[in-house]
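Structure first, commentary second.
The values are calculated or read from the model by the stated rules, or taken from the named source; none is laboratory data. Remember, predicted model here, so these are calculated numbers, not experimental data. In this analysis, Cβ positions are derived from the backbone assuming ideal geometry, glycine residues included, and neighbour counts consider all displayed protein chains.
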Amino acid sequence: MSAEDSFRGAVAEDASETRDSPMLEPAACSGEPLMVFASPAARSFPKIMVPPDTDLWVFGYGSLMWNPEFPFVERRQALLRGYHRRFCVYSHRYRGTPDRPGLVLGLDRGGSCRGMVFRVEAGLVDRTLDYLWDREMVSGVYRPKLLGVWTEAGTVSACTFVADRGHRQYCGEMCVSDVIRHIRQGVGERGPNLEYLANTVGHLRELGMVDRGLERLLTDVQGLMERGADNP
């Protein structure tokens, strides 16, 4: 069995991803300088330990897939087992407010998730980790882990941000109707929550990935909006 056949067989077992797609060719980032912002809250979380002179792999399952904003020298489609992509995090700023929270994606336990891994050269690892901590670790709702992810070229250990079930912004036990309600009501600094969902589905399609759960969710929310149904 070829490596490509093995990859497709693994993907077929993924409950949330159902369409095979060819592996993307390695690509370099634009080379623009990293935008690192001072974030005292993010700095309080210890960074993962990477041996000196070692490249870093970073796993993306949401916006990191199409908007990593850090230099990389290689990218691959990847399969992470043990976690799935899910709207399980309250958004109080970017896609909602404390009074009317929206929802954003997190990696929650169970199942599997197709995404992208990016390889960062050793000389830029420290700067990249600073950037990722300022981007992902501000509220502390995510926990960084080094997890094995499967790619066509073999398994790599990648920095992965998973949802912290003990955090006050975790909402993974929410029923589907409440998920829909929060997505419909959420509007934050970066716009409506529905826009975030639609952009996510659109970008996944562009990368050759289909997440059936997100596709159904988008259809349900848009259907309610088109019918003019009142917010619950």
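Suppose we filter region 165-188 for residues that are acidic (D, E) and either buried (at least 19 other Cβ atoms within 10 Å of the Cβ) or at pLDDT 95 or above (or both); how many remain? Break it down into steps so the answer makes sense when it comes.
Our first condition is that a residue be acidic (D, E); within region 165-188, this holds for 173, 178.
With either buried (at least 19 other Cβ atoms within 10 Å of the Cβ) or at pLDDT 95 or above (or both) added as a condition, the list becomes 178.
The total comes to 1.
Would you confirm whether or not region 141-158 contains a residue that is assigned to a strand (DSSP E or B), in contact with a Lys or Arg (Cβ under 6 Å, 6 or more places away or on another chain) and crowded, with 17+ Cβ neighbours inside 10 Å? So that I can check it myself, show each step before the final result.
Of region 141-158, the ones assigned to a strand (DSSP E or B) are 142-151, 154-158.
Now drop any that are not in contact with a Lys or Arg (Cβ under 6 Å, 6 or more places away or on another chain), which leaves 151.
Still in the running and crowded, with 17+ Cβ neighbours inside 10 Å: 151.
The answer is yes; a qualifying residue exists.
Inspect all residues belonging to region 207-229 and state whether any of them is among the polar types (S, T, N, Q), buried (at least 18 other Cβ atoms within 10 Å of the Cβ) and not in a strand (DSSP E or B).
no
Here is a list of conditions, (1) farther than 24 Å from E69 by Cα; (2) in a strand (DSSP E or B), and E173 meets all of them except one; can you say which number that is?
Answer for E173: the failing condition is (2).
For region 43-94, enumerate the residues that are closer than 19 Å to L147 by Cα, assigned to a loop (DSSP other than H, G, I, E, B) and among the polar types (S, T, N, Q).
Hit for region 43-94 is T54, nothing else.
Restricting attention to region 33-57, which residues are at pLDDT 85 or above, of a type outside the set (A, V, I, L, M, F, W, C) and either under 22 Å from T155 (Cβ atoms) or surrounded by 13 or more Cβ atoms within 10 Å (Cβ to Cβ) (or both)?
Answer for region 33-57, where residues must be at pLDDT 85 or above, of a type outside the set (A, V, I, L, M, F, W, C) and either under 22 Å from T155 (Cβ atoms) or surrounded by 13 or more Cβ atoms within 10 Å (Cβ to Cβ) (or both): K47, P51, D53, T54, D55.
Select from region 112-124 the residues that are surrounded by fewer than 21 Cβ atoms within 10 Å (Cβ to Cβ) and either at pLDDT below 95 or not small (G, A, S) (or both) and list them in ascending order.
Of everything in region 112-124, those that are surrounded by fewer than 21 Cβ atoms within 10 Å (Cβ to Cβ) and either at pLDDT below 95 or not small (G, A, S) (or both) turn out to be R119, E121, L124.
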